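Student: Got a structure here, written out as structure tokens. Questions coming.
The values are calculated or read from the model by the stated rules, or taken from the named source; none is laboratory data. For clarity, every value in this text was computed on a predicted model and none was experimentally measured. Counting neighbours? That spans all protein chains shown, and the Cβs are built from the backbone with ideal geometry, glycine included. Heads up: the accessible areas ignore ligands, DNA and RNA and are worked out on the full protein's heavy atoms, side chains in. Shrake-Rupley method; radii C 1.70, N 1.55, O 1.52, S 1.80 Å.
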Amino acid sequence: MKNYMDLFTQASDAWERDDFETAFSIFKTLSEQRDDNLYVNLGILYESGLGVTKDIDKALYWYKKSWRANGQADSRLNIADLYYKNGNWRAALYWWEKGILQQDGEAALELAKIYLTDSARRSLLKAKQYLVMAIEWENITEASKEEAEELLSAH
């Protein structure tokens with residue numbers, strides 16, 4: 001059997017070539033070896049139906065497995081986003097608020113955007129509060145921080 005890095009490189013190359021079936025197969029094999037860094041990749045593939053039949057429940061399974069294994073913010077945001085896109089506001093809010101408790105600027109920005117754009121949940125006051133949090137907190141990319149600043153100045 002090839003070593004881990006060879007397989008990971010092969011999977012990443014397949015992903016770049018849009019050969020998602022090969023990427024999925026290799027990531028799945030590596031994840032069975034308990035490589036928790038790849039769990040989120042499997043979630044993405046299941047969520048989008050790339051290289052595998054689209055399956056929201058399996059996507060959530062892999063995102064949550066990733067979260068339990070290493071607590072990565074990306075996993076938490078993927079879970080919240082997937083719940084939100086599938087109409088489960090309470091579950092989405094629960095996962096975004098987990099990020100807020102950890103001063104995750106990305107979670108604050110995503111929640112602010114929901115309060116700005118979702119007509120059922122529209123709240124300019126809440127959106128502004130979350131935008132300020134996103135800007136002040138350190139756990140946010142520079143691009144997201146700039147987006148938060150632009151949204152805040154626009155509203």
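Student: Classify segment 6-47: rounded, prolate or oblate, from the alpha-carbon gyration tensor (a ≥ b ≥ c, eigenvalue square roots; a/c under 1.5 rounded; otherwise prolate if a/b is larger than b/c)?
Tutor: Judged from the Cα gyration tensor, segment 6-47 comes out oblate (a/c at least 1.5, b/c at or above a/b).
Student: Here is a follow-up. Over the chain, what is the relative contact order in whole percent, taking alpha-carbon pairs under 8 Å and six or more residues apart?
Tutor: 12
Student: Alpha carbons only, please: Rg and Dmax for the chain, in angstrom.
Tutor: Values for the chain (Cα only, Rg and Dmax): 17.3, 56 Å.
Student: Let me ask you something else. Just report the Cα centroid separation between segment 62-84 and segment 118-155, whole Å.
Tutor: 21
Student: For the chain, report the accessible area per residue in Å² (1.4 Å probe, heavy atoms, rounded to an integer).
Tutor: Each residue of the chain exposes 56 Å² on average to a 1.4 Å probe.
Student: Label segment 68-153 by shape, choosing from rounded, prolate and oblate, from the square roots a ≥ b ≥ c of the eigenvalues of the Cα gyration tensor; if a/c is under 1.5 it is rounded, and otherwise prolate applies when a/b is larger than b/c, oblate when it is not.
Tutor: oblate
Student: Let me ask something else. Cα-Cα pairs above 19 Å in segment 42-95: how many percent?
Tutor: The share of Cα pairs beyond 19 Å in segment 42-95 comes to 20 percent.
Student: Which lysines have a Cα less than 29 Å from the Cα of Lys113, not counting those fewer than 8 places away in the same chain?
Tutor: Lys54, Lys58, Lys64, Lys65, Lys85, Lys98, Lys126, Lys128, Lys145
Student: Still on this model: What FRET efficiency would be calculated for the residue pair Leu50, His155, taking the C-beta separation as r and a Förster radius of 30 Å, to the nearest 0.05? Walk me through the numbers before you get to the answer.
Tutor: On the way: r = 35 Å, r/R0 = 1.17.
Rounded to the nearest 0.05, the efficiency is 0.30.
Student: Asn139's amide H: which non-local residues (gap 5+, or another chain) put their own amide H closer than 5 Å, with H modeled 1.01 Å from N in plane and none for Pro or chain starts?
Tutor: Answer set, sorted by chain and number: Gly105.
Student: For the chain, which whole percent of the accessible surface, found with a 1.4 angstrom probe, sits on carbon and sulfur atoms?
Tutor: Looking at the chain in its full context, I get 47 percent from C and S.
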